[in-house]
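*Asks:* Take a look at the following structure, please.
The values are calculated or read from the model by the stated rules, or taken from the named source; none is laboratory data. Since the structure is predicted, the reported quantities are computational estimates derived from the model, not experimental observations. FYI the Cβ positions are ideal-geometry reconstructions off the backbone, even for glycines, and counts take in every protein chain you see.
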Protein chains: 2
Amino acid sequence: MSNNVDIPYKTYLNENEVPEAWYNVRADMKTKPAPLLNPATGNPVTAEEAEHIFCKELVRQELDDTTAYFPIPKEIRDFYRMFRPSPLVRAYFLERALGTPAKIYYKFEGNNTSGSHKLNSAIAQAYYAKEQGLKGVTTETGAGQWGTALSMACAFFNLDCRVYMVKGSYEQKPFRREVMRTYGASVTPSPSMLTEVGRQINAAHPGTTGSLGCAISEAVEDAVSHEGYRYVLGSVLAQVLLHQSIIGLEAKAAMEKLGVKPDVIIGCAGGGSNLGGLIAPFMGEVLRGEADYRFVAIEPASCPSLTRGVYAYDYCDTGKVCPLQKMYTLGHDFIPSANHAGGLRYHGMSATLSELKHQGLMEAKSVKQTDVFAAAQLFARTEGTLPAPESSHAIWGAMQEALECKKTGEEKTILFGLTGTGYFDMTAYQAFNDGTMGDYIPTDDDLAASFAKLPKV
Amino acid sequence: MSNNVDIPYKTYLNENEVPEAWYNVRADMKTKPAPLLNPATGNPVTAEEAEHIFCKELVRQELDDTTAYFPIPKEIRDFYRMFRPSPLVRAYFLERALGTPAKIYYKFEGNNTSGSHKLNSAIAQAYYAKEQGLKGVTTETGAGQWGTALSMACAFFNLDCRVYMVKGSYEQKPFRREVMRTYGASVTPSPSMLTEVGRQINAAHPGTTGSLGCAISEAVEDAVSHEGYRYVLGSVLAQVLLHQSIIGLEAKAAMEKLGVKPDVIIGCAGGGSNLGGLIAPFMGEVLRGEADYRFVAIEPASCPSLTRGVYAYDYCDTGKVCPLQKMYTLGHDFIPSANHAGGLRYHGMSATLSELKHQGLMEAKSVKQTDVFAAAQLFARTEGTLPAPESSHAIWGAMQEALECKKTGEEKTILFGLTGTGYFDMTAYQAFNDGTMGDYIPTDDDLAASFAKLPKV
């Protein structure tokens with residue numbers, strides 16, 4: 001069928017080969033990501049301060065940038081067995097369609113009902129909430145992947161799950177909402193009348209369809225004002241990258257089993273959790289001087305934090321209730337266009353990835369969404385799986401590398417992260433199929449206006 | 001975690017352990033299923049007659065009830081590698097939730113974009129169409145699983161795919177439609193103005209939302225009136241059961257690898273293809289006197305062909321264009337209620353399964369849809385995967401067996417088929433979540449009226 005018939009199409013680790021500890025890439029970074037700052041005091045956030053909002057053990061993980069490995073509790077490993085190990089797939093059919101001498105592999109995280117890698121961190125966060133004796137957790141969701149994953153995780157531990165879903169999505173994505181309800185979560189359109197901030201926004205902007213920033217503020221208010229609740233977040237934070245390192249650890253173990261080594265590792269980047277997780281153990285080797293890989297982040301041209309943002313302290317949320325973080329940012333007031341990759345519409349980027357990019361250890365590229373969907377369509381027709389719009393950014397990136405190999409004749413080994421499936425994104429595919437999908441790229445003036453509102457730290 | 005920790009949660013065969021031939025259970029049946037009859041002549045259908053409608057090799061498979069094994073062509077095995085082997089899962093978490101001493105296994109066919117087992121036969125049928133030098137194939141789809149699977153298969157072989165989708169589904173399930181379009185299929189709401197039969201029905205019933213019977217008639221007319229096209233069908237036929245035997249062959253190989261043997265094997269039954277495929281090799285052992293298993297078909301109480309139908313020759317389609325088949329049937333004019341398990345809303349049943357039931361080799365039970373969704377919800381919350389409504393019939397059946405074991409203390413080994421995921425069925429889940437789902441069970445009078453219209457053969 002292809003150039004390397006002894007490599008199977010899919011490689012699954014055996015259950016006893018699955019990693020038993022997460023890897024914290026910050027431990028191997030000489031220059032660490034800058035600390036989170038308390039927006040009220042401007043000082044580094046303390047554990048005590050953070051524990052009012054977040055679960056205790058998750059705060060410990062968040063603030064620890066020296067411990068390399070965190071053992072994965074048995075209960076979480078048991079849950080992982082439902083959908084992990086995920087397959088490492090050799091993209092023979094895509095290679096054939098591209099006519100490339102490159103060898104393309106992808107780590108596929110979509111074979112679970114949440115449809116993405118989000119479940120890796122959701123189950124960990126739910127577990128620590130349960131361990132702490134909490135009654136429940138609150139969160140926000142935009143496109144719905146994170147809310148779905150958290151609902152599944154909370155159902156497993158019989159934990160109350162309150163999801164504030166951006167009202168526009170709540171109304172346009174009723175199916176995502178129903179998946180969450182099937183797992184027992186309560187899903188509230190945001191802004192709601194359940195919180196002070198929600199009531200204020202509804203009064204000030206009657207008929208608003210909401211925003212992620214508002215939903216975050218509602219979820220945080222709900223958590224801090226109810227005994228036994230904490231707020232949890234599905235990306236951006238170091239703790240989430242830690243949990244997502246399971247992706248990279250499994251991918252690395254599977255490639256070692258096959259006796260192959262990637263030349264370049266590619267992922268899509270929104271808040272950075274999947275990319276951070278995929279590259280973590282490989283980056284660790286680079287940081288320790290043991291190996292050399294290229295890392296490439298692919299982001300939407302409509303929301304280009306890594307390629308056109310500034311590296312500065314900024315608010316993580318528009319409501320300014322969360323800590324300040326030093327990161328590549330487009331400004332907390334930046335409103336990305338209605339890009340269909342909802343999971344990549346974030347103004348900032350993980351502090352860890354930002355620092356790695358800043359140190360020149362990671363590249364970044366941006367791509368228009370129509371090019372992303374063309375890549376997605378080719379991938380679906382050749383490799384079978386209909387990819388999520390977010391994941392398709394990584395497909396596009398891998399295709400660029402593979403087509404470059406076609407020109408040069410190089411037989412590079414490419415690894416990319418296929419984070420999820422697009423089954424709940426068919427409105428976007430319909431726009432592409434109908435030829436009505438547009439592209440929007442912010443102007444320099446747009447960005448300059450947004451940068452002007454960055455906090456002075 | 002459970003009573004048998006040396007059994008992994010998921011068992012995947014290695015790629016070199018995947019079966020290389022399909023198994024034709026009819027070869028081991030002493031009394032064969034009755035032959036298909038030509039509705040015009042009343043005589044058994046000949047290959048020549050059938051080849052006007054169906055692909056040549058598929059007709060050969062359909063009419064061959066003596067050859068036990070059909071080698072799977074390499075091109076199909078290559079495609080299978082994209083989503084096969086599928087996992088055999090030990091349902092540890094469901095066992096725990098039920099508190100049963102039973103050991104529950106399921107063969108999960110939902111980890112592909114079509115979301116179900118349908119792809120196993122779709123790729124085979126597309127391959128034989130391509131081999132025959134055809135330009136394309138036509139088919140009908142109701143709920144959309146089969147149409148999706150066929151679209152994926154045709155995209156792979158660059159074959160034209162024309163899907164007639166029941167108009168009601170076309171309008172209510174736009175996402176299924178868009179998946180098919182993404183794979184390059186043309187999807188036409190049925191009844192359409194493209195065919196004579198469609199125009200007649202539209203003229204006679206303005207504003208009709210269509211029916212599966214009408215869509216079949218349109219697809220057949222399209223195929224026979226265009227050079228280089230044939231009609232393909234996703235269930236009921238013996239050829240489809242043959243292709244679906246890959247499910248049972250893999251399940252049996254995986255269980256043998258684990259050193260376990262099922263006591264009872266359970267599947268949902270609509271047209272019978274997944275159940276026929278799952279049980280085939282096990283039934284072969286029974287037929288050859290080598291082993292003893294119980295087999296249980298679970299069907300909806302709203303469409304109870306095996307439990308309340310008659311065993312007789314009937315039309316396979318309401319348009320009466322397809323051959324007559326001897327089967328358990330509710331009558332070709334029977335209109336099942338709007339059960340959400342669209343894949344099980346068929347008036348008849350595979351001739352092979354019907355004959356096995358008639359010989360007392362297979363049991364059948366029916367279940368109300370509200371009970372099915374309660375089982376589906378428990379399964380989702382414990383095992384993680386949100387199941388298709390169709391598949392959830394089998395979950396319910398497995399739970400009944402497991403709860404019986406709880407009463408008796410027996411440690412039975414239960415195997416069931418989890419045919420697919422419910423990601424495109426959230427309207428049904430919403431009705432269940434909202435408590436607005438109803439149950440409909442046909443009266444004896446309803447059935448008697450339908451039986452009165454059976455053809456006299």
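*Asks:* Sort through B:213, B:198, B:147, B:207 and tell me the only one that's on the phi > 0 side of the Ramachandran plot and of a type in the set (Gly, Ala, Ser).
*Replies:* So the residue among B:213, B:198, B:147, B:207 that is on the phi > 0 side of the Ramachandran plot and of a type in the set (Gly, Ala, Ser) is B:207.
*Asks:* I'm told residue B:190 meets every condition in (1) closer than 24 Å to residue B:419 by Cβ; (2) small (Gly, Ala, Ser); (3) surrounded by 24 or more Cβ atoms within 10 Å (Cβ to Cβ) except one. Can you identify the failing condition by its number?
*Replies:* Result: residue B:190 passes all but (1).
*Asks:* Just need a number here: residues in the range B:106-138 that are more than 14 Å from every other protein chain (Cβ to nearest Cβ) and of a type in the set (A, V, I, L, M, F, W, C).
*Replies:* 4
*Asks:* For the condition free of Cβ contacts under 8 Å to residues at least 24 places away in the same chain and outside any strand (DSSP E or B), what is the one hit in A:207, A:213?
*Replies:* Selected residue: A:207, the only one of A:207, A:213 that is free of Cβ contacts under 8 Å to residues at least 24 places away in the same chain and outside any strand (DSSP E or B).
*Asks:* Just to be sure I understand, how many residues within the range A:139-164 are within 11 Å of chain B (Cβ to nearest Cβ) and either hydroxyl-bearing (Ser, Thr, Tyr) or closer than 20 Å to residue A:209 by Cβ (or both)?
*Replies:* So the answer is 2.
*Asks:* Scan the range B:256-264 and give yes if some residue there is surrounded by fewer than 24 Cβ atoms within 10 Å (Cβ to Cβ), of a type in the set (Lys, Arg) and outside the structural domain of residue B:410 (by TED's automatic domain parsing), otherwise no.
*Replies:* No: zero hits.
*Asks:* Being more than 11 Å from every other protein chain (Cβ to nearest Cβ) and touching an Asp or Glu at 6+ places or on another chain (Cβ under 8 Å) is the filter here, so list the residues in the range A:4-23 that pass it.
*Replies:* Once the filter is applied, which keeps residues that are more than 11 Å from every other protein chain (Cβ to nearest Cβ) and touching an Asp or Glu at 6+ places or on another chain (Cβ under 8 Å), the range A:4-23 yields only A:19.
*Asks:* Moving on to the next point. Kindly indicate whether any position in the range B:43-59 is within 14 Å of chain A (Cβ to nearest Cβ) and surrounded by 15 or more Cβ atoms within 10 Å (Cβ to Cβ).
*Replies:* The answer is no, given that none of the residues of the range B:43-59 is within 14 Å of chain A (Cβ to nearest Cβ) and surrounded by 15 or more Cβ atoms within 10 Å (Cβ to Cβ).
*Asks:* While we're on this one: Which of the residues that make up the range B:223-232 are surrounded by fewer than 24 Cβ atoms within 10 Å (Cβ to Cβ) and not hydroxyl-bearing (Ser, Thr, Tyr)?
*Replies:* Across the range B:223-232, the qualifying residues are B:223, B:224, B:226, B:227, B:228.
*Asks:* Could you please give the count of residues in the range A:115-138 that are assigned to a loop (DSSP other than H, G, I, E, B) and surrounded by fewer than 24 Cβ atoms within 10 Å (Cβ to Cβ)?
*Replies:* Residues that pass the stated criteria total 4.
Residue by residue, here is whether (1) crowded, with 23+ Cβ neighbours inside 10 Å; (2) within 14 Å of chain B (Cβ to nearest Cβ); (3) within 23 Å of residue A:152 (Cα to Cα) holds:
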site	(1), (2), (3)
A:182	yes, yes, yes
A:185	yes, yes, yes
A:194	no, no, no
A:201	no, no, no
A:205	no, no, no
A:210	yes, no, no
A:214	yes, no, no
A:234	yes, no, yes
A:239	yes, no, yes
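*Asks:* Identify, from the list A:167, A:173, the residue that is closer than 22 Å to residue A:214 by Cβ, within 13 Å of chain B (Cβ to nearest Cβ), modelled with pLDDT under 95 and surrounded by fewer than 24 Cβ atoms within 10 Å (Cβ to Cβ).
*Replies:* Every option except A:173 fails the conditions.
*Asks:* If you don't mind, there's one more thing I want to ask. Check whether at least one residue in the range B:326-347 is among the hydrophobic types (A, V, I, L, M, F, W, C) and under 15 Å from residue B:298 (Cα atoms), and report yes or no.
*Replies:* yes
*Asks:* Scanning for something within 29 Å of residue A:310 (Cα to Cα), surrounded by fewer than 24 Cβ atoms within 10 Å (Cβ to Cβ), away from chain B (no Cβ under 14 Å) and under 18 Å from the mean Cα position of the chain (by Cα), does the range A:352-361 turn up at least one residue?
*Replies:* yes
*Asks:* OK, next. Condition first: of a type in the set (A, V, I, L, M, F, W, C), in a helix (DSSP H, G or I) and under 19 Å from the mean Cα position of the chain (by Cα). Now tell me which residues in the range B:247-274 satisfy that.
*Replies:* Within the range B:247-274, B:247, B:249, B:251 meet the criteria.
*Asks:* If you don't mind, there's one more thing I want to ask. Could we say that residue A:295 is within 13 Å of residue A:353 (Cα to Cα) and not small (Gly, Ala, Ser) here?
*Replies:* Considered against the rule, which asks whether it is within 13 Å of residue A:353 (Cα to Cα) and not small (Gly, Ala, Ser), residue A:295 comes out as yes.
*Asks:* Next question. Name every residue in the range B:415-445 that is buried (at least 17 other Cβ atoms within 10 Å of the Cβ), part of a helix (DSSP H, G or I) and within 26 Å of the chain's Cα centre (by Cα), in order of residue number.
*Replies:* Result: B:426, B:428, B:429, B:430, B:431, B:432.
*Asks:* When the range B:72-105 is examined, which residues are found to be more than 11 Å from chain A (Cβ to nearest Cβ), farther than 18 Å from residue A:78 by Cα, surrounded by 23 or more Cβ atoms within 10 Å (Cβ to Cβ) and not hydrophobic (A, V, I, L, M, F, W, C)?
*Replies:* Result: B:100, single match.
*Asks:* Does residue A:68 satisfy the criteria of being more than 13 Å from chain B (Cβ to nearest Cβ) and surrounded by fewer than 22 Cβ atoms within 10 Å (Cβ to Cβ)?
*Replies:* It is true that residue A:68 is more than 13 Å from chain B (Cβ to nearest Cβ) and surrounded by fewer than 22 Cβ atoms within 10 Å (Cβ to Cβ).
*Asks:* A further question follows. The conditions are (1) in a loop (DSSP other than H, G, I, E, B); (2) crowded, with 24+ Cβ neighbours inside 10 Å, and residue A:338 fails exactly one of them. Which is it?
*Replies:* Single failed check for residue A:338: (2).
*Asks:* Any residue in the range B:384-398 that is within 14 Å of chain A (Cβ to nearest Cβ), more than 21 Å from the chain's Cα centre (by Cα) and farther than 22 Å from residue B:297 by Cβ?
*Replies:* Checking the range B:384-398: at least one residue is within 14 Å of chain A (Cβ to nearest Cβ), more than 21 Å from the chain's Cα centre (by Cα) and farther than 22 Å from residue B:297 by Cβ.
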